[in-house]
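The values are calculated or read from the model by the stated rules, or taken from the named source; none is laboratory data. Please read these numbers as outputs of a predicted model, since none were measured by experiment. All Cβ positions, glycine included, derive from the backbone under ideal geometry; neighbour counts span all protein chains shown.
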Amino acid sequence: MATVTVNGKEVEIGANERLNCIQAAAKVGDEIPAYCWHPALSVVASCRMCLVEVGDKKPDGTVAMQPKLVPGCQTPAKDGTVIISDSQKVKDARKATLEYLLLNHPLDCPTCDQAGECYLQDYSFNYGRGYSRLNEPKNIKPDKTYIGDQITLFTDRCIMCTRCVRFTREVSGSAELQVVSRGSHEEIDIFPGYPVNNPLAGNVVDLCPVGALCSKDFLYQQRVWWLKSKDSVCPGCSTGCSIHVDQNEERVYRLTPRENEKSQGHFMCDEGRFGWKYTHSGERLSSPEVRTNGLVTANDFDIVLASARTALKKAAQGKGKVAAVLSPWMTVEEAYLLAGLLKGLSANVTLAMGPVRIEGGDDQFPKDVKGNVVQPVKFTIHAEKAPNRAGVELVLQHFSGDVMPFEELLRLSSAGQFSAVYLVGGDPEGWISEIQAEAFSKVETVIVQDILPSPVLKHATHILPSGTFVEREGVFVNFKGLAQLINRSVRGPDGTRPDGRLLWDLAERPGLVQTEILRKEIAATIPALAAISGEGLKGQGVFLEEVVTAV
Amino acid sequence: MAKFEPVLFARINKPDSTSLKSYMADGGYARIKDILSMAPADVTNIVKDAGLRGRGGAGFPCGLKWTFLPKDHPGPIYLCINADESEPGTFNNRILMEKDPHQLIEGIMIACHAIRSNSAYLYLRYEYGRSYRALDAAVKECYAAGLLGRNIKGTGFNLDIVLHRGAGAYICGEETGLIESLEGKRAWPRIKPPFPAIEGLFRKPTIVNNVETLCCVTHILYRGKEWFQSIGVPPDPNNPRDPGSYGPKLYCVSGHVNKPCCVELPLGVTARELVEEHAGGVWKGRKAKAIVPGGISMGFLCEKEFDTKLDFAGPGKVGCLGLGTAAVVVVDDQTSMVDVLFNCCRFMSHESCGQCTPCREGTAWMTKILTRIRVGQGRLEDLDLLMEVASSMGIIPGTTICGLSDGAAWPVKNAISKFRGDFEEYINSKRSTMTSAQQLMEVH
């Protein structure tokens with residue numbers, strides 16, 4: 001164990017922890033401001049915001065301080081290191097650095113997207129001086145509105161931390177961004193004709209500590225202080241990136257990555273980042289329906305649910321069989337509710353896994369100029385474009401022993417095996433083709449629970465409009481068995497209900513759906529999912545494996 | 001004391017001084033076979049014991065630097081020769097390369113042997129076309145004569161010298177900036193540690209030495225350390241950390257003098273002596289107002305400091321940054337220090353690489369303030385602001401990565417503290433040396 005002293009407070013650092021002074025100070029709750037340093041990028045120590053005084057504590061208790069300031073990001077915290085970040089010398093250095101950074105900064109906070117979450121604002125407020133001593137004209141640099149399809153650059157706001165440059169070199173590997181020119185005329189730029197359009201491009205906007213790099217999608221849409229943020233998980237692929245969903249007045253405005261070493265690290269891909277638009281699509285199913293011979297006979301949720309329930313019960317007790325397709329877009333709780341409900345009607349029910357969309361192969365980063373993956377891999381976009389195949393499979397295995405593929409169910413259905421089917425969709429890119437939908441054309445009762453129209457709707461007898469990932473709450477299990485919580489951020493459009501509530505009501509459980517109670521029940525019932533009831537689920541999530549072996 | 005005989009410059013005025021034939025006729029490469037047969041550590045020790053300090057600017061002991069290389073490293077180890085001579089007023093390396101390239105090449109061979117390197121990269125500033133052609137011809141001659149390449153003179157020692165022409169940036173003279181540039185990147189100095197001796201060019205141990213330093217190495221090996229220590233200034237007995245200033249040094253004298261020159265003298269000559277005796281005195285019968293002791297980044301000597309000894313310790317005693325490149329620039333008494341300082345600051349802000357915030361913004365701000373003073377809009381409090389900005393940047397307060405920022409700050413500190421009267425007079429007179437205030441916008 002190593003002991004580091006930060007501003008007089010001692011902190012223990014584990015044997016395998018390699019921390020710099022910024023991280024060591026964070027352990028005792030002291031903030032050392034920094035711009036250029038980022039835990040996922042290389043250290044350049046160029047912004048000079050994190051200057052601290054550093055010394056060594058000798059075994060006899062005396063402290064030998066280095067005479068000059070050192071950058072906290074570059075200086076390792078070792079046993080006996082003494083860090084002082086609150087002395088007058090350090091404060092003066094921060095004040096000077098901030099004054100320099102603001103010399104040529106346009107101070108256009110009122111029209112800047114970053115205002116409210118800007119490190120230049122925060123640090124100036126906390127550590128800077130309240131006025132400028134510049135009496136000369138500022139440098140004026142032209143804005144670059146096309147840095148990438150999704151990215152724009154307000155050149156004069158840039159403080160040259162080079163985080164974005166290092167990101168494209170070290171994480172995406174595409175190296176589109178660079179510094180051009182010299183001295184105070186330096187600018188971030190692209191090589192003409194090579195914009196930042198790599199699949200991870202959006203991250204440079206998050207990395208930018210000021211309002212220089214902005215997302216065109218989010219530009220001028222909202223002031224960030226109006227946004228309410230909820231932790232969630234990106235459903236775009238089986239990576240299961242931890243994210244924040246930022247919304248205001250029931251409308252999502254952006255997704256940003258949430259740092260989580262257990263899942264993806266610090267970043268997320270653009271496919272996921274901009275992949276929420278279907279949530280507010282006008283195409284959304286928004287009318288619950290009972291259809292008889294193609295005519296809508298009811299469109300009230302309570303009536304539709306009661307009708308569906310009756311039809312399922314009738315089918316289960318009759319000669320025909322009941323089948324259900326569980327989508328990999330369902331949460332563990334929803335899958336459990338549906339499977340439990342149907343198995344409660346009849347042990348004979350057939351449960352199948354919905355189609356899992358696979359696109360190409362896993363896309364790994366960084367890549368070199370020829371497109372070859374460079375080790376170590378820092379980010380992976382998985383080919384499996386569904387958030388919870390693993391979790392739904394565990395539920396299916398519990399209830400039916402094995403996991404029936406979708407194609408097998410289609411075959412059985414075409415053969416007229418079923419008198420009632422319960423189909424759950426949820427994949428915004430579509431999950432069933434015209435030809436596949438024909439398998440259900442002869443089925444007496446077809447209950448479809450989905451968010452968007454699909455070919456199978458024309459055979460549907462019951463339509464249950466459900467919710468997207470920002471409208472639901474529950475557990476997604478990613479490719480490596482990490483269970484994470486998605487949270488409800490916005491209310492769905494009128495005429496839709498979150499899947500959990502639909503299924504809860506369908507199962508005639510009393511009161512409102514409470515996923516926490518459901519998780520306890522699941523953990524007690526399914527040993528493989530024992531982990532999801534614990535407190536560990538919140539925040540970073542919990543690996544299912546760990547708890548299974550512990551039991 | 002007997003009259004000093006030039007050593008580094010002994011051959012520069014001879015006809016055909018650049019050719020291998022002429023160099024060998026003067027005894028060059030005569031003992032290279034013996035030297036290459038010595039143990040590398042012995043060569044290092046000779047250089048170390050001789051007390052050779054780097055001629056590039058910082059004056060770091062050369063032999064000591066070589067010992068920082070990791071022991072028993074499997075290689076490769078690289079030698080980089082810093083010939084990116086960009087400090088204003090400095091032109092000694094240029095003469096060495098243009099007039100006597102073999103002296104340098106022999107030094108490179110000896111140094112590479114001492115540090116067990118088989119590749120040397122000579123980073124030459126692009127503007128030195130004549131130096132490039134002289135060196136290129138000399139290197140080719142050496143390859144043809146078996147002095148470079150495989151198994152030199154049957155000693156089993158291999159060496160390749162690569163000439164690399166830079167693209168004209170002051171920052172490439174900083175050793176890690178040079179390495180980055182050589183690797184094909186933007187010349188942004190690296191953070192240290194690791195120092196280049198541990199991880200330098202292509203992430204391998206690397207030594208970076210100046211051209212003049214390596215030329216001295218040749219002579220130390222030929223003439224012995226006793227000879228080297230008979231020249232120059234011994235260590236200050238009252239300062240145990242002073243390694244002394246031994247050996248000959250090339251002083252470049254330029255500016256307002258009758259006869260600008262580059263002259264080889266023992267270290268420790270005074271500024272006054274250089275100007276009066278070697279450069280023909282100040283021009284137009286005027287008096288000197290200020291003398292730059294070693295390139296503008298070292299600051300200024302004022303009149304009462306002209307008798308300062310220009311050795312490694314001397315300029316530092318009177319508030320200058322150091323000896324630097326020993327490029328002496330003379331400013332006559334008809335010149336305003338405001339204009340001199342403006343020129344220095346404009347150069348530094350143009351050449352700041354822009355990596356560290358204080359240097360990137362500070363140098364540009366100082367230039368803007370001086371421009372404002374020059375258009376007649378100065379305020380007396382600007383002088384304190386300039387001093388504050390200058391003292392907040394550099395490797396000495398710890399706010400930048402490389403030392404070139406100190407070099408940008410030092411002329412400001414020296415000029416304002418030593419010539420404050422000049423500035424106050426200028427500001428109070430409200431006179432403008434520029435035609436219009438519009439130029440304020442146009443200056444860098």
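Key figures
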item	result
Residue within the range B:27-49 that is buried (at least 19 other Cβ atoms within 10 Å of the Cβ), closer than 28 Å to residue B:87 by Cα and of a type in the set (Gly, Ala, Ser) present	no
The range A:387-417, residues that are surrounded by 20 or more Cβ atoms within 10 Å (Cβ to Cβ) and among the hydroxyl-bearing types (Ser, Thr, Tyr)	A:413
Filter result (assigned to a helix (DSSP H, G or I) and acidic (Asp, Glu)) within the range A:273-318	A:302
Scope the range B:1-24; condition at pLDDT 90 or above, of a type in the set (D, E, K, R) and closer than 17 Å to residue B:215 by Cα; matching residues	B:11
Tabulated pairs, the range B:263-282, first in contact (Cβ under 8 Å) with a residue 40 or more places away in the chain, second surrounded by fewer than 18 Cβ atoms within 10 Å (Cβ to Cβ) and of a type in the set (Lys, Arg), C-beta under 6 angstrom, 6+ apart or interchain	B:279/B:259
Count of residues meeting criterion [without any contact (Cβ under 8 Å) to a residue 12 or more places away in the chain and either buried (at least 21 other Cβ atoms within 10 Å of the Cβ) or outside any helix (DSSP H, G or I) (or both)] in the range A:62-115	7
Members of the range B:100-137 found to be of a type outside the set (Asp, Glu), surrounded by fewer than 24 Cβ atoms within 10 Å (Cβ to Cβ) and within 14 Å of residue B:20 (Cβ to Cβ), listed by number	B:134, B:137
Which numbered condition residue B:162 fails, given (1) in contact (Cβ under 8 Å) with a residue 12 or more places away in the chain; (2) in contact with a helix residue (DSSP H, G or I) (Cβ under 8 Å, 6 or more places away or on another chain)	(2)
Residues of the range B:309-353 classified as under 20 Å from the mean Cα position of the chain (by Cα), within 20 Å of residue B:405 (Cα to Cα), part of a helix (DSSP H, G or I) and not charged (D, E, K, R), total	9
Pair list, Cβ under 9 Å, 6 or more apart: the range B:223-244 residue within 22 Å of residue B:27 (Cβ to Cβ), other residue modelled with pLDDT under 90 and outside any loop (DSSP other than H, G, I, E, B)	none
Members of the range B:358-380 that are facing chain A (nearest Cβ under 9 Å), without any contact (Cβ under 8 Å) to a residue 40 or more places away in the chain and more than 24 Å from the chain's Cα centre (by Cα)	B:361, B:365, B:369
Failed condition for residue A:325, given (1) without any contact (Cβ under 8 Å) to a residue 60 or more places away in the chain; (2) crowded, with 23+ Cβ neighbours inside 10 Å	(1)
Count of residues meeting criterion [in contact with a strand residue (DSSP E or B) (Cβ under 7 Å, 6 or more places away or on another chain), in a loop (DSSP other than H, G, I, E, B) and among the acidic types (Asp, Glu)] in the range A:358-398	1
Residue match in the range B:347-356 (condition: closer than 17 Å to residue B:384 by Cα, more than 9 Å from chain A (Cβ to nearest Cβ) and touching a helix residue (DSSP H, G or I) at 6+ places or on another chain (Cβ under 8 Å))	no
Selected residue (criterion: nearest to residue B:52 (Cα to Cα)) from residues of the range B:260-306 that are touching a His at 6+ places or on another chain (Cβ under 9 Å) and part of a helix (DSSP H, G or I)	B:283
Single residue of A:101, A:51, A:19 found to be outside the structural domain of residue A:169 (by TED's automatic domain parsing), of a type outside the set (Lys, Arg) and over 15 Å from residue B:392 (Cα atoms)	A:19
Any hit, the range B:394-404, residues being away from chain A (no Cβ under 11 Å), buried (at least 20 other Cβ atoms within 10 Å of the Cβ) and free of Cβ contacts under 8 Å to residues at least 60 places away in the same chain	no
Output for the range A:183-197, where each listed residue is within 22 Å of residue A:103 (Cβ to Cβ) and either of a type outside the set (S, T, N, Q) or more than 14 Å from every other protein chain (Cβ to nearest Cβ) (or both)	A:183, A:185, A:186, A:187, A:188, A:189
Selection status of residue B:196, in contact with a His (Cβ under 7 Å, 6 or more places away or on another chain) and within 17 Å of residue B:79 (Cα to Cα)	no
Residue B:389 being among the hydrophobic types (A, V, I, L, M, F, W, C), closer than 25 Å to residue B:92 by Cα and surrounded by 22 or more Cβ atoms within 10 Å (Cβ to Cβ)	no
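A quick yes/no check of all residues on (1) in a loop (DSSP other than H, G, I, E, B); (2) within 14 Å of chain B (Cβ to nearest Cβ); (3) touching a residue at least 24 places away in the same chain (Cβ under 8 Å):
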site: A:142; (1), (2), (3): yes, no, no
site: A:149; (1), (2), (3): yes, no, yes
site: A:156; (1), (2), (3): no, yes, yes
site: A:199; (1), (2), (3): yes, no, yes
